[in-house]
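Student: Here's a structure for you.
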Amino acid sequence: MDGPVIRPRRLRQTPVLRRMVAETSVAARHLILPMFVREGIDAPVPISSMPGVVQHTRDSLRKAVAEAADAGIAGVMLFGVPDDEHKDADGSAALDPDGILNVAIADAVAEVGDALTVMSDLCLDEFTSHGHCGVLDERGRIDNDRTLELYAAMGVAQAEAGVHMVGPSGMMDGQVAVIRAALDAASHQDVSILAYGAKYASAFYGPFREAVGSSLQGDRRTYQQDPANGGEGVREALLDVEQGADIVMVKPGLPYLDVLRRVKDAVDVPVAAYNISGEYSMVEAAAANGWIDREAAILETLTAFRRAGADAILTYWAVEAAHML
Ligand code: PBG
């Protein structure tokens, strides 16, 4: 009996052969760790919806950033969690050099220098009393253009604190251009922009909202994208590149790998993906129940991002994965 002539299984016979023909790989240098630093606490606070992730104190952040550098990952993305009394309608603590995020940037840079790329979330939602990413007009709608002025000032404040790369995540129209112009005008030409190019209004952000103590009522559907739209994600990413983005990101990750691939094929800058809180917590919850092999699921997840076109991956597993790799 004649068997098949073409046998793809031949190249799967041994680990060393499988490694030789692997099309993609994940390394520590691709990974970026998102981190939360909270004002006014004296010990790290566990985030119950994200087992293994904490809100850091300024001190514990410094230690964790040093560990991230030792693990050889690419960078950290910092999110600030201010006291409720420091939240207001305009999110002004985001612009304050003594605001929690700005002091945390300075702490991180003092700790690791250039051994990591220190990145910061450039968005008002952690700082506004209403929890939106932008400021509101008198009718309660997002005021896109007044928000841009605040983003420009926030970017400069972060640059003054020493950040290497800012991550505008608010999905306001025109945000990359105004941030670039403000950084340049303040002689921060070397601060780069990782733009959240395609960012979708997602249910998978749920655990993050606990992580940052979000005050949000309602949703973000007038600025974050409709999950139904892939072409629009490409358009958003192209607009960010036109406006001066150095890297564009697609977020969330796993439910949007098609968008990631389309963006990767459409732009000529590096592309990042954000393996967000809900994606993290689903794996952790399933593993805690003994339903999946946790480490294998983590590595498969990260490999999927690389295969879909991600040059860099923001993931809460960054340091642990770096040790596994
Ligand atoms: C907004 C922001 C969000 C995340 C990062 N930046 C949440 C949102 O848009 O509500 C989510 C990250 C995650 O879920 O891990 N500044």
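Student: Return the equivalent ellipsoid semi-axes of the chain as a descending list in whole Å, where each equals the square root of 5 times an eigenvalue of the C-alpha gyration tensor.
Tutor: On the way: eigenvalues 228, 101, 75 Å².
In descending order the semi-axes read 34, 22, 19 Å.
Student: Here's a follow-up. For a quick check of your reading of the filter: which GluC sites (Glu not before Pro) in region 127-224 sit in a DSSP loop and have no more than 11 other Cβ atoms within 10 Å? Mind dumping the intermediate values first?
Tutor: Details: sites: E138, E149, E160, E210; in loops: E138.
Within region 127-224, the qualifying GluC sites (Glu not before Pro) (loop, at most 11 other Cβ atoms within 10 Å) are E138.
Student: Provide the net charge surrounding V45, with neighbours chosen by a C-beta distance below 14 Å and charges set as Lys +1, Arg +1, Asp -1, Glu -1. Intermediate values should be presented prior to the final figure.
Tutor: Working: positive: R38, R58; negative: E39, D42, D59, D83, E210.
Here the count lands on -3.
Student: Among A104, A273, A287, which one shows the biggest mean-square fluctuation in a GNM of the chain, springs joining Cα atoms closer than 10 Å?
Tutor: Evaluated over the chain, the most mobile residue of the options is A287.
Student: Separation of region 283-316 and region 98-175 by C-alpha centroid, Å?
Tutor: About 28 Å separates the Cα centre of region 283-316 from the one of region 98-175.
Student: Between R307 and E85, what is the label-to-label distance in nm when each label sits 7 Å out along the Cα-to-Cβ direction?
Tutor: The modelled label-to-label distance comes out at 5.2 nm.
Student: Given a Förster distance of 45 angstrom, what is the FRET efficiency for D184 paired with A288, based on the Cβ-Cβ distance and rounded to 0.05? Write down the numbers at each step before the final one.
Tutor: On the way: r = 47 Å, r/R0 = 1.06.
So the FRET efficiency works out to roughly 0.40.
Student: Can you tell me, using C-alpha contacts under 8 Å and at least 6 residues apart, the relative contact order of the chain as a whole percent?
Tutor: Relative CO of the chain lands at 18 percent.
Student: Based on alpha-carbon centroids, what's the gap between region 70-96 and region 222-250 in Å, whole number please?
Tutor: If we compute the Cα centre of each part, the gap is 23 Å.
Student: Let me ask another. Tell me, what ³J(HN,Hα) does each residue in region 9-21 have, in order and in whole Hz, if you take phi through Karplus 6.51 cos²θ - 1.76 cosθ + 1.60 with θ = phi - 60° and put x for Gly and Pro?
Tutor: Calculated HN-Hα couplings, in order: 5, 3, 7, 10, 6, 9, x, 5, 6, 4, 5, 4, 9 Hz.
Student: Let me ask another. Please give the contour-minus-distance gain from V5 to N229: 0.36 nm per residue of separation, less the Cα-Cα distance, rounded to one decimal in nm.
Tutor: Values: separation 224, 0.36 × 224 = 80.64 nm, distance 4.26 nm.
Fully extending the segment from V5 to N229 adds 76.4 nm.
Student: How would M172, M324 line up from fewest to most surrounding beta-carbon atoms within 10 angstrom? Can you show the working numbers first?
Tutor: Working: M172 22, M324 13.
By the 10 Å Cβ count, ascending, the order reads M324, M172.
Student: Excluding same-chain residues fewer than 8 positions from K264, which lysines have a Cα within less than 28 Å of its Cα?
Tutor: Cα-Cα hits under 28 Å: K199, K251.
Each reported figure results from applying straightforward, stated rules to the coordinates on display, with no laboratory input. Fair warning: this is a prediction, and the values are worked out from it, not measured in the lab. Reconstructed Cβ throughout: ideal geometry from the backbone, glycine too, with neighbour counts over all protein chains shown.
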